[in-house]
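Okay, structure first, notes after.
The values are calculated or read from the model by the stated rules, or taken from the named source; none is laboratory data. This structure is a prediction, so every number in the text was calculated from the model and none was measured. Reconstructed Cβ throughout: ideal geometry from the backbone, glycine too, with neighbour counts over all protein chains shown. Please note that ligands, DNA and RNA were not included when accessible areas were found on the heavy atoms of the full protein model with its side chains. Shrake-Rupley method; radii C 1.70, N 1.55, O 1.52, S 1.80 Å.
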Amino acid sequence: MPRYFVDINATGRHTADETGVNLNSPDDVRHAVSWTLTAIAMEAKQRGPRSYIASVRDEFGDVVYTATLTFTDTFDEARRLP
């Protein structure tokens, strides 16, 4: 089973994956990255626009997949929630 390393750039902060994860197929890579980026965005305490990028490396260090999640939120100041 191939091993992949998912490096994350979360709004300018880079984290390199030194452990990796075994995944069977390109669909498994896509699924794992989609869940990972979504979980990171949900945990973020930042406000306003932010971007999360995952770069997936194979066992040889080559980037084989990249995904970006952009999250933008704003309040209408005239109708701001209490």
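Under 5 Å between amide H atoms, partner at least 5 residues away or on a different chain: which partners does residue 20 have, H built in plane at 1.01 Å?
Amide H neighbours of residue 20, under 5 Å, 5+ apart: 6.
Near residue 21, within a Cβ-to-Cβ distance under 15 Å, what is the net charge of the other residues, with Lys and Arg +1 and Asp and Glu -1?
Overall, the nearby charge balance is -4.
Go through region 1-74 and name the GluC sites (Glu not before Pro) that are in a DSSP coil and have 13 or fewer other Cβ atoms within 10 Å of their Cβ.
Here the GluC sites (Glu not before Pro) that fit, given the DSSP loop and packing criteria, are 18, 59.
Roughly what would the spin-label model give for residue 63 and residue 19, points 7 Å off Cα along C-beta, in nm?
Distance between the two pseudo-spin positions: 2.4 nm.
Would you calculate the separation in nanometres between label points at residue 9 and residue 39, each defined as 7 Å from the Cα along the Cα-to-beta-carbon direction?
2.2 nm
Quick one: which residues, 5 or more positions from residue 65 or on another chain, have an amide H under 5 Å from its amide H? H modelled 1.01 Å from N in the peptide plane, none for Pro or chain starts.
So residue 65 has HN proximity to 56.
Provide the per-residue ³J(HN,Hα) series for region 40-50, in order, calculated from phi with Karplus coefficients 6.51, -1.76, 1.60 and θ = phi - 60°, each as a whole number of Hz, with x at glycine and proline positions.
Whole-Hz 3J(HN,Hα) from phi for region 40-50: 5, 5, 5, 7, 5, 9, 6, 10, x, x, 8.
Give the residue list of chymotrypsin sites (Phe, Trp or Tyr not before Pro) in region 24-82 that are DSSP loop and have at most 11 other beta-carbon atoms within 10 angstrom.
Hits after loop and neighbour filter: 60, 75.
For region 4-82, what is the charge dipole size about the Cα centre, in debye to the nearest 20, if Lys and Arg each add +1 at the Cβ and Asp and Glu each add -1 at the Cβ?
Computed charge dipole of region 4-82: roughly 540 debye.
Given a 1.4 Å probe, how much area per residue of the chain is accessible, in Å²?
For the chain, the solvent-accessible area averages 75 Å² per residue.
When the accessible area of the chain is split by element with a 1.4 Å probe, what percent falls to carbon and sulfur?
Looking at the chain in its full context, I get 54 percent from C and S.
Taking the C-alpha atoms of the chain, how large are the radius of gyration and the largest Cα-Cα span, Dmax, in Å?
Radius of gyration, then largest Cα-Cα span, for the chain: 15.5, 54 Å.
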